[in-house]
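*Asks:* Have a look at the structure that comes next, please.
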Amino acid sequence: MQLVSRTCCLAFLLAVLLSGSSEAQIPGHPIAGYADRLSVQPGQVIRFMVSSEAPQYDAQLVRLIHGDTSPRGPGYREQELNGSFDGSYQGRLQPLENGSSAVVADHTALDLTGSFSLVAWIYPTTPDSGTQAIVSKWSAADRSGYALCLEEDGSVGLRFGDGTREARMRTGASIPVYLRSEKAYPVGDPLHSSLWLLAAATFDATTGIATVYQLPGTAWPNHPAAGMASAQTGAHSVAANDLALMIAATPGLNGAPSSEHFNGKIEAPRIYDRVLSAEEITGLAQGRIPPDPVAAWDFSLRMQTRELEDTSGNDLHGHTRHFPKRAVTGHGWDGSEMDFARAPGHYGAIHFHDDDLDDAGWTVSFEYTLPDALKSGIYAARLRAGQDEDYIPFYVRPTAGTATSEVALLVPTFSYLAYANGFGVGGKQLLSLYDKHSDGSGVTYSSRLLPILNMRPKLSGKWEEVTFPHQFTADLHLVDWLENKGHSYDVITDEDLHWEGSALLSPYRVILTGSHPEYWSEQMLDALTDYLNQGGRLMYLGGNGFYWVTNIDPVLRHTVEIRRWGGTQTWGAQPGEHYLSTTGEMGGLWRARGRAPQRLVGVGFTAQGPGHGMPFARQPDSFDPRVSFIFEGIGDEELIGDFPNLVMEYGASSFEIDRMDFQLGTPPHALLLATASGHPAQYVHVIEQVYQSNLGPVDALVKSDMVYFEYPEGGAVFSVGSIGWDGCLSYNGYDNNVSRITDNVLRQFRGEAE
C-alpha cells in the first residue's frame with residue numbers, strides 16, 4: 001500500500017492510491033478487517049471481523065517489530081507465532097452500510113391508518129442529491145406506511161399508500177402519481193442548501209386530500225422556497241406495516257439496509273393522527289405548537305447520549321444509528337449561548353449524514369483468547385488471500401494493576417483513530433477526523449469498530465515528492481529500536497490511560513510516547529500530570545503532541561470525538577458547535593483551555609513541512625551538569641541527527657516540529673538543550689500564533705527545541721520536539737547520536753545510571 005498526501009492540518013493529510021477490483025466492498029482493499037478491541041490483557045478474548053472477496057483466506061498471529069519496508073532502513077520485521085486462530089477460513093464479503101439515522105421501534109400508535117400530519121424543522125445540506133427521507137415508515141414493496149421527505153428536485157414531498165395504490169406529491173409539483181390536482185396552489189422552488197424551514201404534510205382520509213408545505217424559518221418577503229401544494233389523492237386510508245419508523249432514512253425490508261439517507265439537520269419531528277390546518281402549521285412555524293401529538297421527539301433532551309426522547313406521553317422513544325452529530329445548533333439558535341448545556345433549547349437538532357459510520361456490525365470471523373505467556377507488545381492477525389494482504393493490529397498489555405517492565409510505550413491510539421481512514425482510504429465509506437462529509441461538514445467522530453486502514457504496517461505516505469511512514473508504521477521505528485537495544489518494555493494505549501488514569505502509569509519508572517501523540521483527553525492529561533508529579537519520567541519522542549481536545553463516548557466507549565476550531569486544521573466547526581456532544585466540554589486546542597503542551601512537556605507544535613529536515617545544534621544549557629548524562633559520548637560541536645531519516649529525507653528535526661515558549665507555559669527551570677532551525681521554505685508556521693497577516697516573517701518560530709526539566713519527587717521530562725526523531729534511530733546500524741542520546745536518557749530514567 002502507498003499513500004499520497006494533501007496539504008495538512010497538523011500533519012500531512014493522507015489519501016490512499018486505490019487499486020484492485022472496483023467491486024471490492026472497500027475499494028482497493030479486497031480483504032480487510034477489524035477487531036472488537038484494540039487493547040487486550042492475558043486471558044481476555046479478542047474477536048476479529050473480516051471481509052474478503054476471495055473464497056478463502058489464511059490468518060496468522062504475528063508480532064510486529066519494524067513496519068517500514070524502505071530499503072534505507074533495517075527492513076520490515078515481524079515474528080510469526082503460534083496462535084489458536086491460525087489457519088484457513090471461508091471468505092465472504094461483509095458490507096459497510098453508511099448513513100446515520102434515528103430509529104423508533106414499530107408501535108401501534110405509529111400505524112396511521114386514517115388522517116395524519118407529519119412536521120419537522122429541516123436544514124438540508126445537499127437538497128439536490130436525490131430523494132432523502134425526513135420521517136419515514138414507508139414500504140414501497142407493498143405500498144404501505146408513509147414518509148415525509150425531500151424529493152429529487154429538492155422540494156418537500158409526501159408518500160403514503162393504502163396497500164393498493166401509492167400517493168406521492170411534492171411542493172414542486174402538485175400532481176400525485178395517479179391523480180391530477182383538483183386545483184392549483186402556490187408552489188415553492190426547490191430548497192436552497194443550509195437554510196432552516198418547516199417541512200409538513202397532511203392527509204385527510206375523509207376527503208382524500210393531501211397537502212405539503214415548506215415554510216422558511218426566516219420570513220423574508222417573496223421567499224423563493226416558501227410554498228404549498230394540495231391534491232385530491234382518491235385514497236381514504238393508509239395501510240399499516242411492521243417496519244420501524246426512521247428519522248433521516250427509509251427503513252429496509254427483511255434485514256435490508258436503510259436507504260434515502262438525509263444530509264443535514266432535523267429538529268423537532270412530530271406526528272399527529274389528525275389533519276393540522278394551514279393556520280396550525282403556520283402557527284407551528286412561529287412557535288405555537290399544536291397539542292396532542294402521537295409522537296414529539298425533542299432532540300435537545302438526552303443530547304449527550306444516543307437516545308431519543310418522545311415528549312408526547314406515548315413513550316415512543318428511540319435511538320440513533322451510526323452516531324449522527326449531536327449538540328448542534330437548531331432553528332432557534334441566536335448566538336447568545338455557545339455552550340449547549342446552558343441553553344439546550346437552542347440545540348434541538350441532530351446533523352445526519354449519508355456517510356456516517358460508527359459500527360460496521362460485521363459478523364465475527366474468528367477469535368483469540370490471549371494466553372498468559374504472551375508478552376506485552378504490538379501484535380496483529382495477518383490476513384492473506386492470494387496476493388492480497390491485510391493486518392489487524394492489537395496491543396497486548398499486562399494484566400491491569402501489574403507491569404512486566406519498568407518502561408511502558410504509550411501507543412497513541414486516539415491519534416490512530418483520528419487519522420483512521422483519511423482522505424480516500426475507503427472512499428466515501430470510511431472517513432477520518434481530517435475529512436469532510438459528503439455535505440461539506442467536518443467529521444467529528446471516529447470509531448474503532450470498523451477497519452482502520454491507516455493503522456497498518458508497510459504503509460508509506462507521500463507529501464509532495466517525499467515518501468515516508470506515518471503514525472502506526474513510524475511508531476514501529478521505536479519498537480524496533482527498543483528490541484535492537486535490548487530494552488524491555490510494556491505496551492499500553494491511550495484508551496487504557498483514559499479509563500484507568502495514573503494507576504496505569506504508576507508501576508512504571510519511564511513512559512515513552514509515540515512519534516505523534518496529537519489527540520488527548522482531559523483524563524489522559526490529568527493522569528500524566530499526576531504521574532510526573534509523583535516522580536514519573538516521560539520521554540516525549542515526537543512532535544505535535546497533546547494538541548487537540550479529544551474525548552471518548554463514555555457509554556459505548558468505542559468512538560472518539562473532536563470539534564476543530566482555532567488551530568491548524570482541515571475544517572472548522574460551525575458557529576455554536578465547539579463543544580463535544582459526548583462530554584459537554586469545549587473542544588478545539590488544549591492551548592485555548594490553558595493547557596498548552598509547553599506546560600506539560602516544555603514544547604508545543606510550531607511548524608510543519610515535507611522533505612529535508614535539519615539537525616539539532618547543542619545550546620549552552622546542554623552543558624549544564626543537570627543534563628550531563630544526556631550528552632555522554634556526544635561531542636561539544638556535534639550536530640545531532642545530521643544524517644538521513646526514514647520519516648523524512650534528512651535530519652532529526654522534520655515533518656512536524658515543536659518549540660519551547662515560556663509565555664505558553666514552558667517551566668522556568670526548563671533547559672534548552674538543542675535547537676534545529678533553518679528548515680526549507682516548505683516548512684510553515686502554525687496559524688494559531690499568527691495574529692495579523694503581512695506584518696513580518698514568522699520564520700524565527702520554525703524550529704525544533706530539545707528540552708529537559710524536572711518535576712517534583714524525582715520526576716522528569718525529556719522532549720525532542722520532532723516527529724522525525726524516531727526515524728533516525730536505526731541509521732548506521734543504530735550507531736548514531738540520536739540513538740545514543742535516546743539510550744542515555746532511557747537508561748538514566750529507568751535507574752541504570754543511578
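The values are calculated or read from the model by the stated rules, or taken from the named source; none is laboratory data. Keep in mind that what you see is a predicted model, and the values were worked out from it rather than measured. So basically every Cβ, Gly included, is an ideal-geometry build from the backbone, and we count neighbours across all protein chains shown.
*Asks:* Select from the stretch 461-498 the residues that are part of a strand (DSSP E or B) and either of a type in the set (A, V, I, L, M, F, W, C) or surrounded by 19 or more Cβ atoms within 10 Å (Cβ to Cβ) (or both) and list them in ascending order. Spell out the reasoning first.
*Replies:* Narrowing the stretch 461-498 to residues part of a strand (DSSP E or B): 461-463, 466-468, 490-493.
If the condition is that a residue be part of a strand (DSSP E or B) and either of a type in the set (A, V, I, L, M, F, W, C) or surrounded by 19 or more Cβ atoms within 10 Å (Cβ to Cβ) (or both), then GLY461, TRP463, VAL466, PHE468, ASP490, VAL491, ILE492, THR493 are the ones that fit.
*Asks:* Checking the condition at pLDDT below 95 and out of contact with any helix residue (DSSP H, G or I) (no Cβ under 7 Å at 6 or more places or on another chain), which residue from GLY287, GLY313, GLY264, GLY318 passes?
*Replies:* On the way: GLY313 fails: at pLDDT below 95; GLY264 fails: at pLDDT below 95; GLY318 fails: at pLDDT below 95.
Exactly one residue qualifies, and that residue is GLY287.
*Asks:* For ALA133, indicate whether it is buried (at least 21 other Cβ atoms within 10 Å of the Cβ), among the aliphatic types (A, V, I, L, M), touching a Cys at 6+ places or on another chain (Cβ under 8 Å) and part of a strand (DSSP E or B).
*Replies:* Numbers: buried (at least 21 other Cβ atoms within 10 Å of the Cβ): yes; among the aliphatic types (A, V, I, L, M): yes; touching a Cys at 6+ places or on another chain (Cβ under 8 Å): yes; part of a strand (DSSP E or B): yes.
Spelling it out, ALA133 is indeed buried (at least 21 other Cβ atoms within 10 Å of the Cβ), among the aliphatic types (A, V, I, L, M), touching a Cys at 6+ places or on another chain (Cβ under 8 Å) and part of a strand (DSSP E or B).
*Asks:* So in the stretch 208-237, with the set limited to residues that are in contact with a helix residue (DSSP H, G or I) (Cβ under 8 Å, 6 or more places away or on another chain) and closer than 20 Å to THR131 by Cα, which one is surrounded by the most Cβ atoms within 10 Å (Cβ to Cβ)? Steps first, answer last, please.
*Replies:* Restricting attention to the stretch 208-237, the residues satisfying the condition of being in contact with a helix residue (DSSP H, G or I) (Cβ under 8 Å, 6 or more places away or on another chain) are 211, 213, 215, 217, 228.
When the remaining residues are screened for being closer than 20 Å to THR131 by Cα, the result is 211, 213, 215, 228.
Working: THR211: 24, TYR213: 27, LEU215: 24, MET228: 20.
The qualifying residue surrounded by the most Cβ atoms within 10 Å (Cβ to Cβ) is TYR213.
*Asks:* Mind checking which residues of the stretch 315-332 are touching a Leu at 6+ places or on another chain (Cβ under 9 Å) and under 17 Å from VAL560 (Cα atoms)?
*Replies:* Step one: of the stretch 315-332, the residues touching a Leu at 6+ places or on another chain (Cβ under 9 Å) are 316-320, 322-323, 327, 331.
If the condition is that a residue be touching a Leu at 6+ places or on another chain (Cβ under 9 Å) and under 17 Å from VAL560 (Cα atoms), then THR320, HIS322, PHE323, ALA327 are the ones that fit.
*Asks:* Which is of a type in the set (A, V, I, L, M, F, W, C) and in a strand (DSSP E or B), of LEU525, LEU512?
*Replies:* LEU512
*Asks:* Further question: Within the stretch 503-521, is even one residue free of Cβ contacts under 8 Å to residues at least 12 places away in the same chain and not charged (D, E, K, R)?
*Replies:* So far as the stretch 503-521 goes, no, none of its residues is free of Cβ contacts under 8 Å to residues at least 12 places away in the same chain and not charged (D, E, K, R).
*Asks:* Identify, by number, the condition in (1) outside any loop (DSSP other than H, G, I, E, B); (2) under 39 Å from the mean Cα position of the chain (by Cα); (3) among the hydrophobic types (A, V, I, L, M, F, W, C); (4) modelled with pLDDT under 95 that ALA256 doesn't meet.
*Replies:* That leaves (1) as the condition not met.
*Asks:* What's the number of the condition ASN551 fails, among (1) within 26 Å of PRO324 (Cα to Cα); (2) buried (at least 24 other Cβ atoms within 10 Å of the Cβ); (3) touching a Phe, Trp or Tyr at 6+ places or on another chain (Cβ under 8 Å)?
*Replies:* With respect to (1) within 26 Å of PRO324 (Cα to Cα); (2) buried (at least 24 other Cβ atoms within 10 Å of the Cβ); (3) touching a Phe, Trp or Tyr at 6+ places or on another chain (Cβ under 8 Å), ASN551 is out only on (3).
*Asks:* Let me ask another. Within the stretch 78-118, count every residue that is surrounded by fewer than 18 Cβ atoms within 10 Å (Cβ to Cβ), under 18 Å from ILE392 (Cβ atoms) and charged (D, E, K, R).
*Replies:* 3
*Asks:* Whether any residue in the stretch 345-365 is crowded, with 21+ Cβ neighbours inside 10 Å, part of a strand (DSSP E or B) and of a type in the set (Ser, Thr, Tyr) is what I want to check.
*Replies:* no
*Asks:* Any residue in the stretch 543-551 that is part of a loop (DSSP other than H, G, I, E, B) and closer than 29 Å to GLY361 by Cα? Let's see the steps before the verdict.
*Replies:* Initially, the stretch 543-551 is screened for residues part of a loop (DSSP other than H, G, I, E, B), giving 543-547, 550.
Then keep just the ones that are closer than 29 Å to GLY361 by Cα; that gives 550.
Within the stretch 543-551, one or more residues are part of a loop (DSSP other than H, G, I, E, B) and closer than 29 Å to GLY361 by Cα.
*Asks:* Considering the stretch 701-754 alone, what residues qualify as being polar (S, T, N, Q) and either surrounded by fewer than 19 Cβ atoms within 10 Å (Cβ to Cβ) or under 21 Å from SER654 (Cα atoms) (or both)? Can you show your working first?
*Replies:* Initial filter on the stretch 701-754 (polar (S, T, N, Q)): 704, 719, 722, 730, 732, 736-737, 739, 742, 744, 748.
Within the stretch 701-754, SER704, SER719, SER722, SER730, ASN732, ASN736, ASN737, SER739, THR742 meet the criteria.
*Asks:* Separate question: May I ask you to say which residue of ALA296, ALA268 is within 20 Å of PRO344 (Cβ to Cβ), among the hydrophobic types (A, V, I, L, M, F, W, C), touching a Gly at 6+ places or on another chain (Cβ under 7 Å) and assigned to a strand (DSSP E or B)?
*Replies:* Details: ALA296 fails: touching a Gly at 6+ places or on another chain (Cβ under 7 Å).
Within the list ALA296, ALA268, the selection yields ALA268.
*Asks:* Also: Report the residue count in the stretch 196-207 for those that are outside any strand (DSSP E or B) and buried (at least 18 other Cβ atoms within 10 Å of the Cβ). Spell out how you get there, then give the answer.
*Replies:* The first filter runs over the stretch 196-207 and keeps only residues outside any strand (DSSP E or B), leaving 196, 205-207.
From the residues that got through so far, the ones that are buried (at least 18 other Cβ atoms within 10 Å of the Cβ) too are 196, 205.
Qualifying residue count, the stretch 196-207: 2.
For (1) over 20 Å from SER441 (Cβ atoms); (2) of a type outside the set (A, V, I, L, M, F, W, C); (3) crowded, with 24+ Cβ neighbours inside 10 Å, each residue gets a yes or a no:
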| site | (1), (2), (3) |
| --- | --- |
| PRO517 | yes, yes, yes |
| GLN523 | yes, yes, no |
| LEU541 | yes, no, yes |
| SER581 | no, yes, yes |
| ALA607 | yes, no, yes |
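Here is a yes/no grid of residues against (1) on the phi > 0 side of the Ramachandran plot; (2) at pLDDT 95 or above:
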site	(1), (2)
ASP58	no, yes
ARG63	no, yes
GLY75	yes, yes
GLN79	no, yes
GLY83	no, yes
GLY87	yes, yes
GLY91	no, yes
PRO95	no, no
ALA102	no, yes
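*Asks:* Continuing with the same structure: Answer yes or no as to whether ARG168 is farther than 21 Å from PRO324 by Cβ and in contact (Cβ under 8 Å) with a residue 60 or more places away in the chain. Steps first, answer last, please.
*Replies:* Numbers: farther than 21 Å from PRO324 by Cβ: yes; in contact (Cβ under 8 Å) with a residue 60 or more places away in the chain: no.
So ARG168 fails the test.
*Asks:* How many of the residues in the stretch 646-685 are surrounded by 24 or more Cβ atoms within 10 Å (Cβ to Cβ) and free of Cβ contacts under 8 Å to residues at least 60 places away in the same chain?
*Replies:* Number of matching residues: 2.
*Asks:* Now for a separate question. For the stretch 366-381, give me each residue that is crowded, with 21+ Cβ neighbours inside 10 Å, in a strand (DSSP E or B) and not aliphatic (A, V, I, L, M). Steps first, answer last, please.
*Replies:* If we filter the stretch 366-381 for residues that are crowded, with 21+ Cβ neighbours inside 10 Å, which is where we start, we get 368, 376, 378-381.
Still in the list and also in a strand (DSSP E or B): 368, 378-381.
Selection gives TYR368, TYR379.
*Asks:* For the structure I just gave you, tell me whether ALA240 is assigned to a loop (DSSP other than H, G, I, E, B), small (Gly, Ala, Ser), at pLDDT 95 or above and touching a Gly at 6+ places or on another chain (Cβ under 9 Å).
*Replies:* Working: assigned to a loop (DSSP other than H, G, I, E, B): yes; small (Gly, Ala, Ser): yes; at pLDDT 95 or above: yes; touching a Gly at 6+ places or on another chain (Cβ under 9 Å): yes.
When the stated conditions are applied, ALA240 passes them.
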